[in-house]
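Data first, discussion second: the structure below is written as structure tokens.
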Amino acid sequence: MRESRVAGGSPTAALVERALAGDVEAFAELVREHQDPAFVTALLMLRDRGRAQDAVQDAFLVAFANLATLRSPQSFGAWLRQIVRHQASRILRREKWEVALDRGQSDGTS
């Protein structure tokens, strides 16, 4: 059986431990607890509700897939915010590339 890494016994850390043990409802609870702050983080970067929702959704998928790499379960919120910032940055980079590509295509069709 897996050894617990929870040091302080925080509710978030306990949910992370349960999620690591395969409890999908525990991860769903983590989503419910952290979705609003995650959304605010993404919205501040992207300034668009739809894109912010996309970034948050992607971030939770990444968090779920990589939960076992989280070294400190009580730091889930900070870890998730970092993932959200990364996903939002990816969206911004992709959009800059798409705008540049669109400009290049419109310049070539004149």
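The values are calculated or read from the model by the stated rules, or taken from the named source; none is laboratory data. This structure is a prediction, so every number in the text was calculated from the model and none was measured. Cβ coordinates were reconstructed from backbone atoms using ideal geometry, including for glycine residues, and neighbour counts include every protein chain displayed. Side chains are part of the model used for accessible areas, which takes the heavy atoms of the whole protein and leaves out ligands, DNA and RNA. Shrake-Rupley method; radii C 1.70, N 1.55, O 1.52, S 1.80 Å.
Of note:
- Listed by first and then second residue, the pairs linking a residue in the stretch 59-72 that is more than 19 Å from I91 (Cβ to Cβ) and at pLDDT 95 or above to a residue that is open to solvent by less than 10 Å² (accessible area, probe 1.4 Å) and among the β-branched types (V, I, T), with Cβ atoms under 9 Å apart and 6 or more places separating them unless they lie on different chains, are L67/V16; L70/V16.
- Residue match in the stretch 86-107 (condition: modelled with pLDDT of 95 or more, buried (at least 16 other Cβ atoms within 10 Å of the Cβ), closer than 23 Å to L15 by Cα and aliphatic (A, V, I, L, M)): no
- Cβ-Cβ distances below 6 Å connect the following pairs, each with a first residue in the stretch 13-28 that is in contact (Cβ under 8 Å) with a residue 12 or more places away in the chain, a second residue that is outside any helix (DSSP H, G or I) and open to solvent by 20 Å² or more (accessible area, probe 1.4 Å), and a separation of six or more residues or different chains: A13/V6; E17/S4; E17/V6.
- Qualifying residue in the stretch 61-74 (condition: over 23 Å from K96 (Cβ atoms), outside any helix (DSSP H, G or I) and among the hydrophobic types (A, V, I, L, M, F, W, C)): yes
- Residue within the stretch 33-47 that is without any contact (Cβ under 8 Å) to a residue 24 or more places away in the chain and small (G, A, S) present: no
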